[in-house]
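Undergrad: I'd like to ask you about the structure that follows.
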Amino acid sequence: RYWRDWSSDVCSSDLSQATVPPTITAETSRRLWRSYGANWPAVVDLTVMDPTLREPVIDGLDFIKAEIVFAVRNEMALTLMDVLTRRTHIAALVRDQAKSVAPRVAALLARELHWDPAETKRQIDDYLRRVDQFSIEPLRT
């Protein structure tokens with residue numbers, strides 16, 4: 001069988017047997033499964049411990065704040081640039097929206113990484129400068 005068929009079956013069965021908070025949509029659950037594989041329940045578990053992490057990073061998209069925290073705690077993400085470009089790919093998908101939420105994401109990172117206000121500002125400024133400098137057109141409009 002093709003990977004696409006197999007992955008759909010596995011995803012459906014995994015999700016139907018999983019306990020997912022009702023505020024995590026089926027669409028978000030499927031994307032988490034596709035993005036994190038067997039680790040997707042660990043992302044959801046963060047939302048059980050802290051319900052605010054169920055909130056979207058960007059309104060209208062299914063990226064949730066728990067993914068930011070997961071990137072720091074489990075993937076060794078240390079910078080705003082790393083989280084928005086490599087870990088979540090938000091910057092590539094919706095560049096302008098990613099720029100607008102950079103302070104919100106930086107605040108989450110600051111909490112996790114114990115940044116002081118000066119470091120948080122430096123991370124935001126560096127991200128905005130580099131995104132503008134090396135920018136390509138976003139994949140979604």
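The values are calculated or read from the model by the stated rules, or taken from the named source; none is laboratory data. Just so we're clear, the structure is a prediction, and the values are computed from it rather than from any experiment. Glycine gets a Cβ as well: all are built from the backbone with ideal geometry, and neighbour counts include every protein chain shown. Heads up: the accessible areas ignore ligands, DNA and RNA and are worked out on the full protein's heavy atoms, side chains in. Shrake-Rupley method; radii C 1.70, N 1.55, O 1.52, S 1.80 Å.
Undergrad: Leaving ligands, DNA and RNA out of it, rank TYR36, TYR127 by accessible area with a 1.4 Å probe, largest first.
TA: TYR36, TYR127
Undergrad: For ILE64, list long-range residues whose amide hydrogen, built 1.01 Å from N in the peptide plane, is under 5 Å from its own amide hydrogen.
TA: Residues meeting the amide H criterion: VAL57.
Undergrad: Note down the net charge around ALA42, summing +1 for each Lys or Arg and -1 for each Asp or Glu among other residues with Cβ under 12 Å from its Cβ.
TA: Once positives and negatives cancel, what remains is -2.
Undergrad: Another question about this same structure. With every protein chain in place, what's the accessible area of THR120 (1.4 Å probe, Å², nearest 10)?
TA: Rounded to the nearest 10, that gives 20 Å².
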